[in-house]
Amino acid sequence: MRLALRKGAQATTAIEGNTLSDEEIAKLQEGEKLPPSKEYQEIEVKNILNAFNELLVETVYHNKEQLITPELLLRFHKLVG
């Protein structure tokens, strides 16, 4: 699951130009920090990982089904942004 989340975060942020490697994202998942020069990219990836994890917890662990509504999209947009 961690690998899938990592790969998903890498692909999602790469669309926006994020260049963090798989190894760097793995470090973030372990709670490590990256150099200050990569701080913006770190924040971007952490936001995506947090949103993915929240979605995972709600849908898989809490079995919460939701319609895709503008409010739901705005909620996840806020988490990512």
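The values are calculated or read from the model by the stated rules, or taken from the named source; none is laboratory data. In this text the structure is predicted, and so the values were computed from the model without any measurement. Because the Cβ atoms are built from the backbone with ideal geometry, glycine has one as well, and the counts that use them run over all protein chains shown.
Per-residue answers, yes or no, for (1) of a type in the set (Lys, Arg); (2) at positive phi; (3) part of a loop (DSSP other than H, G, I, E, B); (4) within 15 Å of the chain's Cα centre (by Cα):
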{"position": "43", "(1), (2), (3), (4)": "no, no, no, yes"}
{"position": "51", "(1), (2), (3), (4)": "no, no, no, yes"}
{"position": "59", "(1), (2), (3), (4)": "no, no, no, no"}
{"position": "68", "(1), (2), (3), (4)": "no, no, yes, no"}
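If the requirement is being surrounded by 10 or more Cβ atoms within 10 Å (Cβ to Cβ) and modelled with pLDDT of 95 or more, which of these qualifies: 58, 24?
24
Suppose we keep only residues that are in contact with a helix residue (DSSP H, G or I) (Cβ under 7 Å, 6 or more places away or on another chain) and not hydrophobic (A, V, I, L, M, F, W, C) within region 39-52. Which one would you say is nearest to residue 78 (Cα to Cα)?
This residue is 47.
Out of region 29-39, which residues are surrounded by 10 or more Cβ atoms within 10 Å (Cβ to Cβ), at pLDDT 95 or above and in a helix (DSSP H, G or I)?
38, 39
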